[in-house]
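For reference, the structure discussed in these notes is given below.
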Amino acid sequence: MKDMTAERDCGCGCTASGSLGLNEAMALSARLAAPVPEVEEITLSQASGRVLARAVCSAFPVPRFDNSAMDGFALSSSALEGAGPWELPLAGRVAAGASGAPVASGDAVRIFTGAPLPSGTETVVMQEHVALVGDRVRINQRPAKGAHVRRRGEEVAEGAEILPIGCRMTPRAIAVAASGGVGRVTVRRRVRVALLNSGDEVRPACATLSDAQIPDVNGPMLAALLSRPDTDLVMHRHVPDTLDAHLEALSQASAAADLVVTTGGVSVGAEDHMRAAAAMLDARIDIPSVAIKPGKPVVVGQIGAARWLGLPGNPMSAYVTFLLLGLPLLDALCGAPGAQRLHRVRVLNPVRRQPSRSEVRPAVLDATGCSVTIGGPVHSGRMTPMVLADGCVLIPADAEALSPGDMVDFLPFNQGI
Ligand SMILES: Nc1nc2c(c(=O)[nH]1)N[C@H]1C(S)=C(S)[C@@H](COP(=O)(O)OP(=O)(O)OC[C@H]3O[C@@H](n4cnc5c(N)ncnc54)[C@H](O)[C@@H]3O)O[C@H]1N2
Ligand code: MOO
């Protein structure tokens, strides 16, 4: 018989009362931060993953000059009088990177892909469609006027905006800037992030552990998630379980960073000092907790001038809440808000559950990438089942069951930029 107890219990025991709904929390998180104000000018080779603080305009028309799209022969269509076939004298050669001499009326020249069209020509015939007869070019079929020619400015006019402010410099955006003759771009400076991991039981992953100690999972996991071209991890510390240590660490981190990410100490235990220390530093709380399973104790607020993302200590909870609330916050700080991270997928297998909070479950995509097989309930402390998942589905708080064919939100795990 199926054990429904296991479906009800994520090891958390929380109720949804007093928490923000997941969708509301995600939307709010994206609105909570303004872009860092400072900008810097960098070369295209330094720009991968950075966010534009100024729009990029093309330095010249693209293409810069009329040029051939094929290896073949350039001619003026007026040279093809009457009915074909035609034979035109071969009067020269122009390769990419060279400027051809003007072509006399009635002549043809050999031309290569990317070479400028010599004056006196406006049409290219592919070499596959001609025959060379001695020093003459034989053409059987009339080409369309302007065939195989890429016209100056047909893609972009001189001075036109080619990349908007807030655009992330993906390889595609870098290609567009380069094609417009732009070698330097103005981007936001990197977002400074401080990462604090709390817990006396938590030791560096390579340390010798006593009976009651565990390896630090959140530290390396979040350092990896924060290892991004638009982010500078300016501080990464372990915080002992005392209020004083939390106060000192939070006050240093909030002075040094735009975003303070903490793990642990946000629940209700007497050893959970993060919220108390934040309160003593006059933190403003924007999202006190979220009706999500796992991850309910996550908190988003502000300490001094820094944003604060307080993740739960359980690694799985920390991971999903970072993806759901931390990434939109980082996007906003970077100046590139609005990334669409969730997409709708079709459910392949039936799921039954107790409606309570929105529930995160691991999911594996099928070959189409549009349908998922949904795994069992997650345990907030266990990361192992996540390694083989492509992402997770977000089951709505009120859903009792999912049936094959239902549509559900899917968050891919290959997140980031
Ligand atoms: N009485 C209640 N107890 C708990 C509640 C509750 O509502 N009432 N909520 C539970 C939920 S849900 C979660 S999640 C955790 C969150 O607790 P904290 O954020 O205060 O985190 P800790 O207590 O510090 O740690 C929880 C858990 O995670 C382990 N941990 C912490 N840091 C790390 C790390 N860096 N690497 C690996 N594992 C880590 C820690 O040992 C604990 O087992 O609270 C529940 N309790
Ligand atoms: O389930 Mo808690 O919500 O372990 O993060």
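The values are calculated or read from the model by the stated rules, or taken from the named source; none is laboratory data. Because the structure is a prediction, the values reported are computed rather than measured. Glycine gets a Cβ as well: all are built from the backbone with ideal geometry, and neighbour counts include every protein chain shown. Heavy atoms of the whole protein, side chains included, go into the accessibility calculation; ligands, DNA and RNA do not. Shrake-Rupley method; radii C 1.70, N 1.55, O 1.52, S 1.80 Å.
Of the residues 170, 121, 373, ranked by 1.4 Å probe accessible area with the largest first, the sequence reads 373, 170, 121. Rounded to 0.05, the FRET efficiency of the residue 95 and residue 55 pair, given R0 = 35 Å and the Cβ-Cβ distance, is 0.45.
Longest exposed-loop-site-free stretch of the chain, with GluC sites (Glu not before Pro), DSSP loop and at most 11 other Cβ within 10 Å? The segment 82-399 is the longest one with no such site. Scanning the chain for long hydrophobic helices, with DSSP H runs required to stretch 15 angstrom or more by C-alpha along their axis and to average at least -0.5 on the Kyte-Doolittle scale, returns 243-256. Here the spin labels are modelled as points 7 Å beyond Cα on the Cα-Cβ line, and at residue 368 and residue 387 they lie 3.1 nm apart. Take the Cα of residue 223, step 7 Å toward its Cβ, do the same at residue 256, and the gap between the two points is 1.3 nm. Sorted largest first, the spans of the alpha carbon positions of segment 222-265 along the three principal axes are 34, 19, 12 Å. Restricting the calculation to Cα atoms, every distinct pair contributes to the Kirkwood radius of the chain, found to be 25.5 Å.
When the trypsin sites (Lys or Arg not before Pro) in segment 117-224 are filtered for DSSP coil states and for at most 12 other beta-carbon atoms within 10 Å of their beta-carbon, the remaining sites are 145. Residue-wise HN-Hα couplings along segment 134-147, as the Karplus relation 6.51 cos²θ - 1.76 cosθ + 1.60 with θ = phi - 60° gives them from phi, are x, 9, 10, 10, 9, 10, 8, 10, 6, x, 5, 4, x, 4 Hz; Gly and Pro carry x.
Near residue 111, once Lys and Arg are set to +1 and Asp and Glu to -1 for all other residues with Cβ below 13 Å from its Cβ, the sum equals -1. Between the beta carbons of residue 342 and residue 244, assuming R0 = 56 Å, the FRET efficiency works out to 0.85 to the nearest 0.05. Distances between placed amide hydrogens fall under 5 Å for residue 20 paired with 289, 290, 291, all partners being 5 or more residues away or on another chain. Taking each DSSP H run with n ≥ 4 as -39500 (n - 2.57) and averaging over every residue of the chain yields -4500 deg cm²/dmol at 222 nm. Could you check how much of the accessible area of segment 191-317 is carbon and sulfur, as a whole percent, using a 1.4 Å probe? The computed percentage sits at 54. A simple rule links phi to the HN-Hα coupling: the Karplus curve 6.51 cos²θ - 1.76 cosθ + 1.60 with θ = phi - 60°, which for segment 311-325 gives 8, x, x, 4, x, 5, 5, 4, 5, 5, 6, 5, 5, 7, 10 Hz, with x for Gly and Pro. Zone of residue 155 (label point 7 Å along Cα→Cβ, backbone N under 18 Å): which residues in segment 33-64? Answer for this model: 44-45, 56-64. Using θ = phi - 60° in the Karplus curve 6.51 cos²θ - 1.76 cosθ + 1.60, the 3J(HN,Hα) couplings for segment 341-352 round to 9, 8, 9, 7, 10, 8, 7, 9, 10, x, 9, 10 Hz; x is entered for Gly and Pro.
With a Förster radius of 56 Å applied to the beta-carbon distance between residue 145 and residue 165, the computed FRET efficiency rounds to 0.85. What the chain shows is 46 Å² of accessible area per residue, with the surface traced by a 1.4 Å probe over protein heavy atoms. Computed with a 1.4 Å probe on the full set of protein chains, the accessible area for residue 343 sits at about 80 Å². Note on residue 407 and residue 186: their simple-model spin labels are 4.2 nm apart, each label 7 Å out from Cα toward Cβ.
Residues whose amide H comes within less than 5 Å of that of residue 286, counting only those at least five positions distant or on another chain, are 300, 301, 302 (H built at 1.01 Å from N in the peptide plane). Tally up the carbon and sulfur contribution to the accessible surface of segment 15-65 as a whole percent, 1.4 Å probe, everything protein left in place. That share works out to 55 percent.
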